[in-house]
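Reviewing the structure listed below.
Derivation of every value follows stated rules applied to the coordinates shown; laboratory data play no part. All figures in this text were calculated on a predicted structure; none of them were measured in a lab. Because the Cβ atoms are built from the backbone with ideal geometry, glycine has one as well, and the counts that use them run over all protein chains shown.
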DNA sequence: CCAGCAATCTATACACCGTTAAGATACGCA
DNA sequence: TGCGTATCTTAACGGTGTATAGATTGCTGG
């Protein structure tokens, strides 16, 4: 394991780190395979020994993003955040802190491969936490609209606020927006209890 | 106005139409300035006589997309759709029918210029219709979280369902998801009435 | 009517991109 | 120690956005 000349020793991790750095500032379009290789100080074809595609590298860092989001939500949960409003704020904080990475995580299929097993698994884990905050225990499943609504609301809010397409002042009070979903979720719980 | 050889006669419109065609099938990444020019049968530098950038062309067709969405929502409104659930279904139908264009409309700043006046105006008009369905008359304004929540929920739902990242079955019953926001909006109305 | 101007379009070129193929190098195991 | 294989380099191909210079045309004033 000599970092001397020809063999980098741990190129794969170095490429992922460099790609993460590039995507954090500049967003997805500013990360090119050549730029990543340049950043690491390696030839432009070297990454192909570790990633089949550019998409494979992008999917890898997107998966890493989902893992970070999951950890963020777990921490919030452990800190006492239970309902959607509080957990959603943690979610939005992550999106706000890592706009470039977040944009990649939900980017089009040309940039990221949704079928990538690592990426899909990480995404499911993050979703599961958010789902717990908006689903009635025992009623979990694909038929429960609560988690989907929570996911969609928070995701849409993140994207709209990040792209600056929100009316002024709206981005400063996301909790007021998130709170609007709570009564609907509670009502659905009652309905589920009755039926 | 002779469409003979050198002067196309109406290149600008032809470019927009061609770009629209390309984005409808293949999404934003499949539309390149050169491909658009090829489609129209013109040299690759010709578009620069009518659009400063590729972004300018993209913004133009994105603006056209927002106008179409606005018309769609207006039609739905005239057909009797009033509340968020019904209007949201029309919104989702548009996104589902024009996935490529919708993806561009909310694309990153590298693809579309949010400051483009035509684009911004068209976006505001579309938002205004959706806002009417979720804001209390007299309480409209940047402080009202209802319209923002509606916009975010519908937008997030559209993106998630289009990217196939939704739990199975969820995309088939969007009205159940949309309905969850109604109690919150109503509650806020009551609150606004009281305060 | 026609000369000249401005708008439009073409040809060419540059730098960058993703990707591939062929060859050099070094690690690890027999 | 020698050899196979993973790793990395160099070079190349076709594609992209964009800038420049020049050709062509429509329009307008005399």
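Computed from Cα positions, the angle between helix B:11-24 and the longest principal axis of chain B comes to roughly 50 degrees.
Which FRET efficiency value, to the nearest 0.05, do you get for residue A:125 and residue A:175 by plugging their Cβ-Cβ distance into 1/(1 + (r/R0)^6) with R0 = 22 Å?
Once rounded, the FRET efficiency stands at 0.35.
Across the copies of the chain, residue B:7 has label points (7 Å from Cα along Cα→Cβ) spaced 6.9 nm apart, shortest distance listed first. With no solvent and one point per C-alpha, what does the Debye sum give as log10 I(q)/I(0) for segment A:1-51 at q = 0.29 Å⁻¹? Scattering profile of segment A:1-51, log10 relative to I(0): -1.15. Each 20 Å bin, from zero up to the one with the longest distance, holds this percent of the alpha carbon pairs of the protein assembly as shown: 26, 54, 19, 1.
From other protein chains only, count the Cβ atoms within 10 Å of every residue's Cβ in A:109-117, then give the mean. Walk me through the numbers before you get to the answer.
Numbers: counts 4, 5, 1, 1, 0, 3, 1, 0, 0.
That average works out to 2.
Residue B:163 to residue A:7: FRET efficiency via 1/(1 + (r/R0)^6), r the Cβ-Cβ distance, R0 45 Å, to the nearest 0.05? Could you put the intermediate results ahead of the total?
On the way: r = 39 Å, r/R0 = 0.86.
With a Förster radius of 45 Å, E is 0.70.
For the rotational copy pair A/B, the chain A residue whose Cβ lies nearest the symmetry axis, together with its distance in Å, is A:156, 1.
Backbone N atoms of segment A:90-113 closer than 19 Å to the 7 Å Cα→Cβ label point of residue B:110 belong to residues A:96-113. Projected label points at residue B:35 and residue B:93, each 7 Å from Cα along the beta carbon direction, are separated by 2.9 nanometres. Note on residue A:55 and residue B:56: the model spin-label points, each 7 Å out from Cα along the C-beta direction, lie 3.4 nm apart.
Ascending distances from the residue A:25 label point to its copies in the other chains, with the point 7 Å along the Cα-to-beta-carbon line: 4.3 nm. The simple Förster model, with R0 at 41 Å and r as the Cβ-Cβ distance, assigns residue B:78 and residue B:45 a FRET efficiency of 0.40.
Over chain A, what is the relative contact order in whole percent, taking alpha-carbon pairs under 8 Å and six or more residues apart?
On the way: 190 pairs, mean separation 42.8, N = 195.
It rounds to 22 percent for chain A.
Measure nothing fancy, just the Cα-based angle from helix A:84-97's long axis to the longest principal axis of chain A, in degrees from 0 to 90, nearest 10. Taking Cα atoms only, the helix is inclined about 20 degrees. Within chain B, the ratio Rg/Rh, alpha carbon atoms throughout and Rh by Kirkwood, equals 1.06.
In chain B, the longest principal axis of the Cα atoms and the axis of helix B:145-162 are about 60 degrees apart. Normalised by the number of residues in segment B:1-51, the mean separation of alpha-carbon contacts (under 8 Å, six or more apart) gives a relative contact order of 32 percent. Comment: the Cα-to-Cβ extended label point of residue B:56, at 7 Å, lies 4.1 nm from its counterparts in the other copies, nearest first. When chain A is treated as a Gaussian network with alpha carbon springs shorter than 10 Å, the biggest mean-square fluctuation among A:44, A:121, A:182 belongs to A:44. For the residues of B:97-108, the average number of beta carbons from a partner chain within 10 Å of their own beta carbon is 2.
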